[in-house]
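The values are calculated or read from the model by the stated rules, or taken from the named source; none is laboratory data. Values in this document were obtained by computation on a predicted structure and should not be read as measured data. Neighbour counts run over all protein chains shown; Cβ positions are idealised from the backbone, glycine included.
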Amino acid sequence: MADTDFSAEIESLRHTLNSIEQVSDLDKIKADIAKLEQQASAPDLWDDPEAAQKVTSKLSHRQSELNRMKKLADRIDDLETTVELAVEEDEPSLLEEAETERKAIEKALKDLEVVTLLSGEYDPREAVVTIRAGAGGVDAADFAETLMRMYLRWAEQRGWSTKVMDTSYAEEAGLKSATFEVNAPFAFGTLSVEAGTHRLVRISPFDNQGRRQTSFAAVEVVPLIEADDSIEIPENELKIDVFRSSGPGGQSVNTTDSAVRMTHIPTGIVVSMQNEKSQIQNRAAALRVLQSRLLLQRKAEADAKKKEMAGDVKASWGDQMRSYVLNPYQMVKDLRTNHEEGNPSAVFDGAIDEFIDAGIRWRASVAKEKRDEAAENAAD
């Protein structure tokens, strides 16, 4: 601590914050806030509750962005004042406090830097997440349900709202598949690094001989379709089947053919919805998710990156991106970033921010390497 050059460190903190502000475009954030505040003050705002919710959510997110940067600027100013006072008063305890605060500000800036890396075309969108059990039988179905709970807990801890759209229960335990929305700005950009095959190694609670079992689950993340997206699907390209909902019952559930399975014939994409009360609601929800998947597929085709699409995930050996090992040791490790945590219980309870941040940085690094390689090839 005594060796800390506070003058240089504070200058470095200010430089980092200034770089983040330039990338974030403060003027645009302020303009967005003014525009959204005007929309939010409209007397007929809540005539359309869904649209109103989107306006207020976007406003809250943009205000939070601006306030976060303002507070960091204030904290750096306060840190400088504390250091000056500590030197004048010859007070070592104040310098210790200043060093603790410097490290805290440094971490907050690193967290904020991650947000600036979410610059993809669809990154600001809300997200639709689908989890499917892969190889591993009942353990895979149980793992799929555990992953769903992990993401829902993570979203809850962030204050992000979620809506479960479809759940297909396995016969013995767990889920064959589940689809849910994460309704928050930049949910897609944030969660898209979670797409891929997840692998679980543990002593199976379903094996009466107590053997170690490896199971897999696939996570797919697509941006939520918006009203102004032009994804028109002709009726003759759709095959629609109705069936009775499965799983835990309730009023008007399991009693009528309200569940919907929608197949897009040209691509073979299948979406099923059964958690709404009526067939009409399930049909509308299924169409929206199908449009979201087609939107992402169109972009993937345009970018010649079809193999990277979430739908290509096989949920089996050889293509996993993260391992959750509970036996013979306890470790969760991302195989792309090498980030690891030794407390799987905390991870399954939603503590995945470090994994997501590392994933976002890894994705940006890979993209930069590709750009640099393309530039070199063009120069040659």
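Taking first residues from segment 212-224 that are more than 30 Å from Phe186 (Cα to Cα) and partners that are among the hydroxyl-bearing types (Ser, Thr, Tyr), the Cβ contacts under 7 Å between residues at least 6 apart in sequence or on separate chains come to Gln213/Ser204. Figure legend. Inter-residue proximity from segment 265-287: first residues surrounded by 14 or more Cβ atoms within 10 Å (Cβ to Cβ), second residues modelled with pLDDT of 85 or more and basic (Lys, Arg), beta-carbon distance below 6 Å, spacing 6+ or different chains. Indicated pairs: Ile269/Arg293; Ser272/Arg261. Filtering segment 343-380 to residues that are closer than 29 Å to Tyr329 by Cα, surrounded by fewer than 13 Cβ atoms within 10 Å (Cβ to Cβ) and among the aliphatic types (A, V, I, L, M) leaves only Ala346.
Summed over segment 88-109, the residues that are part of a helix (DSSP H, G or I), out of contact with any Lys or Arg (no Cβ under 6 Å at 6 or more places or on another chain) and surrounded by 13 or more Cβ atoms within 10 Å (Cβ to Cβ) give a count of 11.
Among the residues that make up segment 50-64, is at least one of them among the charged types (D, E, K, R), loosely packed, with under 15 Cβ neighbours inside 10 Å and either under 28 Å from Ala98 (Cα atoms) or more than 24 Å from the chain's Cα centre (by Cα) (or both)? Lay out the reasoning, then the answer.
Taking segment 50-64 and keeping what is among the charged types (D, E, K, R), we get 50, 54, 58, 62.
Among the residues that remain, those that are also loosely packed, with under 15 Cβ neighbours inside 10 Å are: 50.
Filter again for either under 28 Å from Ala98 (Cα atoms) or more than 24 Å from the chain's Cα centre (by Cα) (or both), leaving none.
No, segment 50-64 contains no residue that is among the charged types (D, E, K, R), loosely packed, with under 15 Cβ neighbours inside 10 Å and either under 28 Å from Ala98 (Cα atoms) or more than 24 Å from the chain's Cα centre (by Cα) (or both).
Ala135 fulfils the conditions (1) surrounded by 18 or more Cβ atoms within 10 Å (Cβ to Cβ); (2) modelled with pLDDT under 95; (3) among the small types (Gly, Ala, Ser) except for a single criterion, (1).
Taking the numbered list (1) out of contact with any helix residue (DSSP H, G or I) (no Cβ under 8 Å at 6 or more places or on another chain); (2) touching a residue at least 60 places away in the same chain (Cβ under 8 Å) in turn, Thr16 passes all entries but (1). Being out of contact with any strand residue (DSSP E or B) (no Cβ under 6 Å at 6 or more places or on another chain), in the same structural domain as Asp334 (by TED's automatic domain parsing) and hydroxyl-bearing (Ser, Thr, Tyr), is that true of even one residue in segment 215-223? Scanning segment 215-223 turns up no residue that is out of contact with any strand residue (DSSP E or B) (no Cβ under 6 Å at 6 or more places or on another chain), in the same structural domain as Asp334 (by TED's automatic domain parsing) and hydroxyl-bearing (Ser, Thr, Tyr). A single member of Arg75, Arg62, Arg149 is of a type in the set (Lys, Arg) and either outside any helix (DSSP H, G or I) or under 23 Å from Ser12 (Cα atoms) (or both), and it is Arg75. Remark: Leu66 matches the filter, which requires a residue to be touching a residue at least 40 places away in the same chain (Cβ under 8 Å) and either of a type in the set (A, V, I, L, M) or over 20 Å from Thr116 (Cβ atoms) (or both).
One residue stands out among those in segment 322-380 that are of a type in the set (Phe, Trp, Tyr) and in contact with a helix residue (DSSP H, G or I) (Cβ under 9 Å, 6 or more places away or on another chain): the one that is nearest to Arg199 (Cα to Cα), which is Tyr324.
Within segment 310-318, does at least one residue satisfy the condition of being of a type in the set (A, V, I, L, M, F, W, C) and at pLDDT 70 or above?
Let us first name the residues in segment 310-318 that are of a type in the set (A, V, I, L, M, F, W, C), namely 310, 313, 315, 317.
This time we only want the ones that are at pLDDT 70 or above, so: none.
So far as segment 310-318 goes, no, none of its residues is of a type in the set (A, V, I, L, M, F, W, C) and at pLDDT 70 or above.
Screening Leu79 on (1) within 30 Å of the chain's Cα centre (by Cα); (2) crowded, with 16+ Cβ neighbours inside 10 Å shows it passes everything except condition (1).
Kindly indicate whether Val182 is modelled with pLDDT of 90 or more, in contact with an Asp or Glu (Cβ under 7 Å, 6 or more places away or on another chain), in the same structural domain as Glu145 (by TED's automatic domain parsing) and in a strand (DSSP E or B).
On the way: modelled with pLDDT of 90 or more: yes; in contact with an Asp or Glu (Cβ under 7 Å, 6 or more places away or on another chain): yes; in the same structural domain as Glu145 (by TED's automatic domain parsing): yes; in a strand (DSSP E or B): yes.
Spelling it out, Val182 is indeed modelled with pLDDT of 90 or more, in contact with an Asp or Glu (Cβ under 7 Å, 6 or more places away or on another chain), in the same structural domain as Glu145 (by TED's automatic domain parsing) and in a strand (DSSP E or B).
Within the bounds of segment 164-171, is there any residue that is in the same structural domain as Leu26 (by TED's automatic domain parsing), among the small types (Gly, Ala, Ser) and either crowded, with 20+ Cβ neighbours inside 10 Å or more than 23 Å from Gln297 (Cβ to Cβ) (or both)? Scanning segment 164-171, I find no residue that is in the same structural domain as Leu26 (by TED's automatic domain parsing), among the small types (Gly, Ala, Ser) and either crowded, with 20+ Cβ neighbours inside 10 Å or more than 23 Å from Gln297 (Cβ to Cβ) (or both), so the answer is no. Looking only at residues in segment 1-43 that are surrounded by 15 or more Cβ atoms within 10 Å (Cβ to Cβ) and of a type in the set (Asp, Glu), the one that is farthest from the chain's Cα centre (by Cα) is Glu9.
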